[in-house]
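The values are calculated or read from the model by the stated rules, or taken from the named source; none is laboratory data. This is a predicted model, so every value here is computed, not measured. Positions of Cβ are backbone-derived with ideal geometry, glycine not excepted, and every protein chain shown enters the neighbour counts.
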Amino acid sequence: MCDLIPTPRVSTSISKSKLWHLPARFHCPIIGTCLMPTEIRQLAAKLGDKEIAREGDYWLHTYMVSHCSNKNRIALALQKHLDKKYAAAIKRFSKAKSDDAVMALWKEHLQQGKVAEAFWAALCHPHSSYQLQEHLYEEVHMLSHQIGAGQRADLKRLADSQDEVKLLTKRLEEQEKKHLKSAANKEQQIHQLQQQLEQLQADNATLKRENHSLRHAGNQQPKQALIVEGSDWRQQYKLSERRVEKLTAQLQQQSEQMTALEQLMMPRSDSCEGCDNQDCHKNPDFNGRKVLCVGGQHKMTGSYKELVNRCNGEFSHHDGGKEDSRKRLESMLNAADVIVCATDCVSHDAYYRLKRFCKANDKPYLFLPNSGLSSFAMAINSMAEKVAANPNSGQEIKIVNAG
């Protein structure tokens, strides 16, 4: 408020209703409450004070207040503008003939929020006493503080609302981006599904055409198709028969090897003469001949030796060129009566030297396809039987197997 020198309170009524007749300290709330800054600026421009009209709101407000204490062109313009602006309120208040009536109208307008028009109409009313004018001034003064506090609260709420709007705007933008991205992905998926559907439809049409063609061809040449199919089945049957024959031969060979091994592994009896035990088996007899095993698995050497010993033979072994020397093989071949060679565990050099030596010296020998114990047992059993059948043949006995 633009309070100047306080005016002493008096109890006499004020009959004057002009702006410059009112106490000077009333001018500030009148200008500030009853006129908007834009109105004041327009009045200043209309009065020719263009420089003043370009000043700030506070400076322009102070300028107008300072010209209200006496009758001048600015005070007259303000009086005219206020009377015209609040003519309806002045007319309503003119019906009041006492302070109480003016106060009643003031409270009524105050409840309706019509502070500015009621303030001007009540202050300029010819029946408003000084005490009433002071009361109105005090109420408007306090209202200005309340309005200021409310404005500050409103400004804070406005700032908070603006921050919230920014946050919500940011979230909305993020949601829009996600939505656009999701929409783009959905559109791409739809496009891919459409392509797949078109491809499936094309494939379906092709299959229908092929099915129709096959049915047409089947109706025309059913016998020829059956003949071709029967020929295929016969060919498959022949292949299956050959495979069965091959497997049967392998099974027979394995069975013979197992039988030979089982016979050699049966418990021996030193007195078999006159024995009527059907479970007892008499092993073939090498009659002390030397049996040389060339190659084979080193870990099976003990088992090889056990089988030869059971057939009354003297076992010796050469590893087939892995560690034993060539000279040692030559001497062992000379000393042996019977030679067995496992072809899957022997060097090429030892294999061909053994073969040449046995043919040149009429040595009985046998090549085994593998170094398994059952194969070795079958070979020992076969060779022992031939040696037993020709006990005096010596080196002239020759047993040659494949190889």
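May I ask you to verify whether T38 is exposed (fewer than 12 other Cβ atoms within 10 Å of the Cβ), assigned to a helix (DSSP H, G or I) and polar (S, T, N, Q)?
Yes: the conditions hold for T38.
Could you check, for region 196-217, whether at least one of its residues is farther than 30 Å from H109 by Cα, modelled with pLDDT under 70 and either surrounded by 10 or more Cβ atoms within 10 Å (Cβ to Cβ) or out of contact with any Pro (no Cβ under 9 Å at 6 or more places or on another chain) (or both)?
Yes, that holds for at least one residue.
Out of the residues in region 318-351 meeting the condition of being in contact with a helix residue (DSSP H, G or I) (Cβ under 7 Å, 6 or more places away or on another chain) and assigned to a strand (DSSP E or B), tell me which one is farthest from M300 (Cα to Cα).
My answer is V338.
Pick out, from region 69-112, the helices (runs of 4 or more DSSP H) lying fully within it that include 2 or more residues that are on the phi > 0 side of the Ramachandran plot and touching a residue at least 24 places away in the same chain (Cβ under 8 Å).
none
Residues are listed down the side, and each one gets a yes or a no for (1) of a type in the set (A, V, I, L, M); (2) within 30 Å of S129 (Cβ to Cβ):
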{"residue": "I30", "(1), (2)": "yes, yes"}
{"residue": "M36", "(1), (2)": "yes, yes"}
{"residue": "L47", "(1), (2)": "yes, no"}
{"residue": "E51", "(1), (2)": "no, no"}
{"residue": "R54", "(1), (2)": "no, no"}
{"residue": "Y63", "(1), (2)": "no, no"}
{"residue": "C68", "(1), (2)": "no, yes"}
{"residue": "R73", "(1), (2)": "no, no"}
{"residue": "L76", "(1), (2)": "yes, yes"}
